[in-house]
Amino acid sequence: MNDKFQAWIEKIKSITNLFTHKKTVKSARITYQVFWNLLLLVLTVVILGGAFAGGVGAGYFASLVKDEPVRSYDSMKKDIYNYTETSDLYFSDNVYLGKLRTDLEREEVKIDQVSDYLVKAVIATEDEYFYQHKGVVPKAVFRALFQEVTNSATQSGGSTLTQQLIKNQILTNEVSFERKANEILLALRLEKFFSKKEILEAYLNVSTFGRNSSGKNIGGVQAAAKGIFGKNASELTLPQAAFIAGLPQSPFGYTPFTREGTVKNNLEPGLTRMKTVLKRMYDGGQITETQYADASAYDITKDFIPAGENPLEKYPYLSFEIEKRAIEVLSNVLAKNDGYEENDLKEDENLFYKYKTLAKQNLRQNGYEIHTTINKDIYDAFQVVKNNYPNYGPDKPEQKQDPETGEMITVMEPVEVGAMLIENKTGKIISFVGGRDHKKQELNHATSAVRQNGSTMKPLLVYAPAIELGKASPGTPLPDVALRLEPSISRPWPNNYDKRYSGITSARYALKKSYNVPAVKLYKDILDQQPAKYLEKMGFTSLKGDDYTNLSTSIGSLKNGVTVEENTNAFGTFANEGKFVDAYMIEKIVDKNGKTIYQHEVKPVDVFKPQTAFLTLDMMRDVIKSGTAQGINSKLKFRADWAGKTGTGHDFHDAWFVATNPSVTFGIWTGYDTPKSLNNGGMSYSQRTNNLWAELMNAAYDIKPELISPAESFPVPTGIVKRSFCAVSGLLPSAACSQAGLVVSDYFNAENVPTKQDDSLIAGKYVQIGDKKYLALDSTPAEFSKQGVILNPDFIKQMVGNNFNNYSQLIPKMDRWSKLLVPTDKIVDNGKRPDGVTLSLSGNNLIWSPPADNDIVGYRVYHNGSKVGSISSGSSLSFTASNGSYYVTAVDIAGTESGPSNKVDVGVTLAPAPVPAPAP
């Protein structure tokens, strides 16, 4: 043992002597110095190389961001918070309709209104170091850079939430080093200006989350929560929050809904992603093991809401109409903010296009609330009635070009409908019917289709203007005869719809029966005073140059036409005592801060005097009481003071009925999109249209009776008086008019009551042959004539002009006109003595036939040489005789008597002739 220990000690001494030997120590010192110098050299090279590389990298980075401007706080704030937030649409009374048509639905939400689960889920999934970094995580950037340079498989992204926000709101999705450098620079700058809470809130509102249950693209966690789970972002459970937080990585890969709004067949990618989010939350200490297990096992699919109602699907006509009008309204608001007036946009096409474009963008980006005047319940009821109405009439074939093949094909066109309900005093559009089926025909027949308005034009363009100008009153006599009012047309024009004429008729009666001739004649008499200016005041926007001069405009034959809205709206002028109130649908627009940026203002326009409006209304009351719309009241389940007018387009292409009461005006049109006759046999086109009008009104009444059926009647303004006048001339009654029984009464504007006495009639005698009457001559025997009244020739020329000769057409075929004659109804004396007649006997009756003369007015019967009877021509040519000898003479219009006929003895027995004596 000691030997071994001693040997070990000796060995140590030998080693020690080796290191202490002078030669050995010197050699070790040289080796150390060489090693140290080499180490210093390597460190120097590394440091210099690193500095060089850093300088090169910094220089390269600077070159990448050299074009990026130095953004201010205000600039970055504007960009970051510039969410594309969809505008909301509302019915009246703040009833929600849906989102405006857009590619992306978004609804802004404050972070305090977001579930804490969702906040934690997003951070755990997208940026676990969010609260530690200053906008960029260097190792993540280097990792991403290394992966890009080496083209290795991507392990994880290098972008923080801040960088993603920059990419979404300021930069683009372009894949380039320049864009990435700018992203890093702006992320660092954004973190200097904004708190973590502000950045996170912006991110939660910006990110996209696939589709909602309506199949629409959604952005922001509030739209995602509502669109997927039907709840606010603040109400999300842990599994719901995890599901939503997982969507931004692949929004359309993980979204549970198709573009049609149905649930996908394969939900596995989204469910797997949800579990990944939950795992990251658990690994990061955001949730407990129990929460993780429970949420992972939860069946999230049962929380998906069913397919939502897309307002464009349920309310296509309404949604598009609101959008169109909102753009128009907002265009004017934006232009006004820049110092322009509405007329500036109308006169400058470029300016109009600019602000229209801006308005479209703002409506889809700024999250406005667009409140309308449409009553949801009435609108819904209108669609039910429209869809179920059975009597539109048959579909008709139409040749159209196939858009794909270019070939002509036959399609069946249905009868279309457009209807509009407007509140008179305010102009609110309460409801409308845009058409039968938006999928087949997108044209809104209530607001956009322009059609001939037929006889509904008459009160607007003819009767009301004529009354306003002092040229007519309801009782004004007008000619309904075969006039040639248009010189370019060789035949009589216009014609009435029934191809008949009624003679002298009042304006009231002509409107009630919708006669064309009286309307055109009256219109021609006032044409030089430009009555179409009244249409402009009442909102007609589609008038063309010819419409101001063509006589056919008076009966609704327009160059282009008029919309149902404009036509209906104009009738409200009469209910508003002559003031036009423009119809509107956009009540107000509110921005997302609750500020009202637009509020509709009612601006009445003076069109007619109150007296004119009332007189026109009173005439239109008769249309419904006993005129072309007299069946309406029997179809309504309520009563109101209605005044209205029917209308028919050229060749029966359009059918109209517009009526107003003290509260609302409702108008309807039916017709084919490609004009065709509605006259199909069976129920008349006007009855079909009027019945639909009544059904729609009944539906509205069921919902809002106080609006549809006001208790009050149209008020009678001061200055309305009732006066008697002669029905022939409209002047004060004369003795001749009284004798004829033609004194009537009606309402007048006190300023326009007749002051001149009637001179249209003169007293005279007439003869009657059958049912026809002819003027008698002074020499016509009294026994064959009667006293009557005759139309003054001067009056006739004043009424119908010099080119009209069929004066007998002027006399209406009514009993009270039976005593009236016209100067041309006369028998011309042929200037010779009448031929005699041949008399015969049938029993005790004398009978004879008329002679060939055509101026015979009667016959005289003589008995034993004395006149015992006078028989007028046209009567039965017989006379019951007693015993005695008779003959008959003919008497002409001049009183000239023919020679006696052969004699006939009645009741006389003749003695037998004596027998001759035989010859001697």
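The values are calculated or read from the model by the stated rules, or taken from the named source; none is laboratory data. Values in this document were obtained by computation on a predicted structure and should not be read as measured data. Note: ideal-geometry Cβ built from the backbone for every residue, glycine included; neighbour counts use all protein chains shown.
Residue 699 satisfies every condition listed in (1) touching a strand residue (DSSP E or B) at 6+ places or on another chain (Cβ under 8 Å); (2) surrounded by 18 or more Cβ atoms within 10 Å (Cβ to Cβ) except (1). Return the total of residues in the range 605-643 being surrounded by 18 or more Cβ atoms within 10 Å (Cβ to Cβ) and not in a loop (DSSP other than H, G, I, E, B). Counting residues in the range 605-643 that are surrounded by 18 or more Cβ atoms within 10 Å (Cβ to Cβ) and not in a loop (DSSP other than H, G, I, E, B) gives 17. Across the range 579-600, the qualifying residues are those that are in a loop (DSSP other than H, G, I, E, B) and either more than 17 Å from residue 422 (Cβ to Cβ) or among the basic types (Lys, Arg) (or both), and the one among them that is nearest to the chain's Cα centre (by Cα) is 591.
Being of a type outside the set (D, E, K, R), more than 31 Å from the chain's Cα centre (by Cα) and at pLDDT below 95 is true for just one of 485, 469, 543. Which residue is that? Spell out the reasoning first.
Details: 469 fails: at pLDDT below 95; 543 fails: more than 31 Å from the chain's Cα centre (by Cα).
Going through 485, 469, 543 in turn, just one is of a type outside the set (D, E, K, R), more than 31 Å from the chain's Cα centre (by Cα) and at pLDDT below 95: 485.
Evaluation of residue 431 against the conditions (1) polar (S, T, N, Q); (2) under 16 Å from the mean Cα position of the chain (by Cα); (3) assigned to a loop (DSSP other than H, G, I, E, B) shows that the sole unmet condition is (3).
Please work out if residue 231 is assigned by TED's automatic domain parsing to the domain that holds residue 121 and not in a helix (DSSP H, G or I). So residue 231 passes the test.
Condition first: among the basic types (Lys, Arg) and either touching an Asp or Glu at 6+ places or on another chain (Cβ under 7 Å) or at pLDDT 90 or above (or both). Now tell me which residues in the range 275-314 satisfy that. Before you say what the answer is, go through the steps one by one.
Taking the range 275-314 as the starting set, the residues that turn out to be among the basic types (Lys, Arg) are 275, 279-280, 302, 314.
Across the range 275-314, the qualifying residues are 275, 279, 280, 302.
Here the range 829-852 is the region considered, the condition is being of a type in the set (S, T, N, Q) and in a loop (DSSP other than H, G, I, E, B), and the residue that is farthest from the chain's Cα centre (by Cα) is 844. With respect to the conditions (1) surrounded by fewer than 18 Cβ atoms within 10 Å (Cβ to Cβ); (2) at pLDDT 95 or above; (3) assigned to a helix (DSSP H, G or I), residue 354 lacks only one, and its number is (2).
Yes/no per residue for (1) without any contact (Cβ under 8 Å) to a residue 12 or more places away in the chain; (2) crowded, with 18+ Cβ neighbours inside 10 Å; (3) outside the structural domain of residue 742 (by TED's automatic domain parsing):
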{"site": "801", "(1), (2), (3)": "no, no, no"}
{"site": "808", "(1), (2), (3)": "no, no, no"}
{"site": "812", "(1), (2), (3)": "no, yes, no"}
{"site": "848", "(1), (2), (3)": "no, yes, yes"}
{"site": "864", "(1), (2), (3)": "no, no, yes"}
{"site": "869", "(1), (2), (3)": "yes, no, yes"}
{"site": "873", "(1), (2), (3)": "no, yes, yes"}
{"site": "879", "(1), (2), (3)": "no, yes, yes"}
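Looking at residue 273, is it under 24 Å from residue 164 (Cβ atoms) and without any contact (Cβ under 8 Å) to a residue 40 or more places away in the chain? The answer is yes for residue 273.
Every condition in (1) closer than 30 Å to residue 740 by Cα; (2) outside the structural domain of residue 893 (by TED's automatic domain parsing); (3) among the small types (Gly, Ala, Ser) is met by residue 858 except one, and the failing one is (2).
Report those helices (runs of 4 or more DSSP H) wholly inside the range 467-578 carrying at least 1 residues which are over 20 Å from residue 612 (Cα atoms).
Numbers: elements: 507-512, 516-526, 532-537, 564-575.
Fully inside the range 467-578 and qualifying: 516-526, 564-575.
Annotation for the range 315-323: no member residue is free of Cβ contacts under 8 Å to residues at least 12 places away in the same chain and either farther than 15 Å from residue 238 by Cα or not aromatic (Phe, Trp, Tyr) (or both).
If you go through the range 674-693 one residue at a time, do you hit one that is closer than 26 Å to residue 650 by Cβ and in contact with a Pro (Cβ under 9 Å, 6 or more places away or on another chain)? Break it down into steps so the answer makes sense when it comes.
Step one: of the range 674-693, the residues closer than 26 Å to residue 650 by Cβ are 674-693.
Now drop any that are not in contact with a Pro (Cβ under 9 Å, 6 or more places away or on another chain), which leaves 680.
The answer is yes; a qualifying residue exists.
Of all residues in the range 657-686, those satisfying the criterion of being modelled with pLDDT under 95 and polar (S, T, N, Q) are 674, 677, 679, 680, 684, 686.
Output the residues belonging to the range 694-716 that are over 16 Å from residue 641 (Cα atoms) and in contact with a Lys or Arg (Cβ under 9 Å, 6 or more places away or on another chain). Give the steps one after another, and end with the answer.
Narrowing the range 694-716 to residues over 16 Å from residue 641 (Cα atoms): 695-696, 699-700, 702-704.
Passing the criteria: 695, 696, 702.
If you check 412, 457, 420 for being part of a strand (DSSP E or B) and more than 30 Å from residue 702 (Cα to Cα), only one passes: 412.
Residues 506, 488, 514: which one is farther than 30 Å from residue 743 by Cβ and out of contact with any Cys (no Cβ under 7 Å at 6 or more places or on another chain)?
On the way: 506 fails: farther than 30 Å from residue 743 by Cβ; 514 fails: farther than 30 Å from residue 743 by Cβ.
Within the list 506, 488, 514, the selection yields 488.
There is no residue in the range 470-480 that is in contact (Cβ under 8 Å) with a residue 24 or more places away in the chain, hydrophobic (A, V, I, L, M, F, W, C) and more than 22 Å from residue 624 (Cβ to Cβ).
Residues in the range 793-820 that are assigned to a helix (DSSP H, G or I) and basic (Lys, Arg): 797, 816.
Here residue 794 passes the criteria (1) under 19 Å from residue 483 (Cα atoms); (2) of a type in the set (Asp, Glu); (3) touching a Ser or Thr at 6+ places or on another chain (Cβ under 6 Å) except the one numbered (3). Residue pairs whose Cβ atoms lie under 7 Å apart, separated by 6 or more positions or on different chains, with the first residue in the range 539-550 and loosely packed, with under 13 Cβ neighbours inside 10 Å and the second of a type in the set (S, T, N, Q) and assigned to a loop (DSSP other than H, G, I, E, B), are 544/560. Criterion applied to 407, 398, 416, 442 was being acidic (Asp, Glu) and within 15 Å of residue 656 (Cα to Cα), and the one residue passing it is 416.
Restricting the search to the range 711-730, which residues are within 29 Å of the chain's Cα centre (by Cα) and surrounded by fewer than 16 Cβ atoms within 10 Å (Cβ to Cβ)? Answer for the range 711-730, where residues must be within 29 Å of the chain's Cα centre (by Cα) and surrounded by fewer than 16 Cβ atoms within 10 Å (Cβ to Cβ): 711, 712, 713. Working only within the range 564-604, note down all residues that are polar (S, T, N, Q) and surrounded by fewer than 18 Cβ atoms within 10 Å (Cβ to Cβ). Listed by number, the residues that qualify are 593, 596, 599. Looking across the range 325-351, the residues that are under 30 Å from residue 211 (Cα atoms) and free of Cβ contacts under 8 Å to residues at least 40 places away in the same chain come down to 327, 328.
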